[in-house]
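Working notes, structure below.
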Amino acid sequence: MSNAASCPACGTSVATPLEHIGLDEQHRSYSPGNPAVADELTRLANVPGDQYQMLRCGQCGLEYCEPFVAPGEQSYQLVYKTLSLYPGERWEFKFVPGQLSKQDTIGEIGCGSGEFLKICRSAGIPAMGVDFSKDAIDSCIASGLDAKLMDVSGESSAFVAANRRTAIVAFQVLEHLANPTSLFALASEWSAPGASLWVAIPSNRRPSRIFHERDFLDQPPHHMTRWTEDSLKIVGERNGWKLARLLYEPMTLMTRLWWIATRTRTYKAFAATRFHKARSLEMALRTMIYPWALLRSLTMGESMSGQTMMVQYAKA
Ligand SMILES: [Zn+2]
């Protein structure tokens, strides 16, 4: 344990140091084969040193980076141009509308190019989105969606208080913010009494975390924080939102078996040989491992699930 910058979720300043993450290495992963883009991303990251230190809060378990500086819009524009990161389909896009009705009015924080707003429109649920990317908002407006340019961490504009919503959603936004409490503050301002808030973030039970594998997109500067149930509960409580339930994206049995089988020593040894591209051999080996993987899956219980977890908060 060491004294560090205070935890962005609970404010405690006792944390355990975890891994170091070099900016150059991260940015080379974002833009393979394009060192000029990597250099530009490092410049835009606006971080004094050349690496981040990951820390785990001793109180709530949140993992966060130091320096705790988010990369800004220009950097995101460049990353999103290089990698395709706006998925059209997400578990939460399907799950949340099933929990809403046509009497609800939705406010989406970080609406991107409007995939969820379109789903709401098809379901006849009035929805409006904000995002800090001008490109994203232009794309929403071109699709006839109700969306406005706004930086979550900046001053909220007057229209927010004039358009109170019954439900606020923020999907895959919280982990990008250098000021996570600003999301909860905006949700408070934008919502009616009794409103709900849905926050989806990368799951602490996703396979890469269970198998302790490096996922460069789940590290800073892309993801500044890695959340736990305690940290989500505390950050809500400190900002006027009570955690009502925590949900984990399901994972099919076949996907579970695939993950477990491909992480065995036998499979990894095979993957290192020149035969690994022979599809029929690969499948035959994997199928042979599946009975063992099934047993392993049963002993793991609920510890591994899909990529996303989601909190439903109630306005306190
Ligand atoms: Zn904490």
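No value in this document is a laboratory result; all are computed from the given coordinates. Keep in mind that this is a model prediction, so the values were computed, not measured. Ideal geometry is used to build each Cβ from the backbone, glycine not excepted, and the neighbour counts take in all protein chains shown.
Computed quantities for the displayed model
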quantity: At most 10 other Cβ within 10 Å, DSSP loop - GluC sites (Glu not before Pro), region 114-192; calculated: E155
quantity: Reciprocal mean inverse distance between Cα atoms of region 2-82 - Kirkwood radius, Å; calculated: 13.6
quantity: Helix-only [θ]222 nm of the chain, DSSP H runs n ≥ 4, -39500 (n - 2.57) each, per residue, nearest 500; calculated: -10500 deg cm²/dmol
quantity: Tilt relative to the chain, helix 279-300 - C-alpha long axis, 0 to 90 degrees, to 10; calculated: 70
quantity: Loop-located trypsin sites (Lys or Arg not before Pro) in region 155-237, at most 12 other Cβ atoms within 10 Å (DSSP); calculated: R214
quantity: With 20 Å bins from 0: P(r) over the chain, alpha-carbon pairs, percent; calculated: 29, 57, 14, 0
quantity: Reciprocal mean inverse distance between Cα atoms of region 89-160 - Kirkwood radius, Å; calculated: 12.4
quantity: Two-decimal Rg to Rh for region 143-199 - Kirkwood Rh, Cα set; calculated: 0.94
quantity: Convex hull projection area averaged over all views, region 253-300, Cα basis, nm²; calculated: 3.1
quantity: Separation of alpha-carbon centers, region 44-59 and region 124-143, rounded to whole Å; calculated: 31
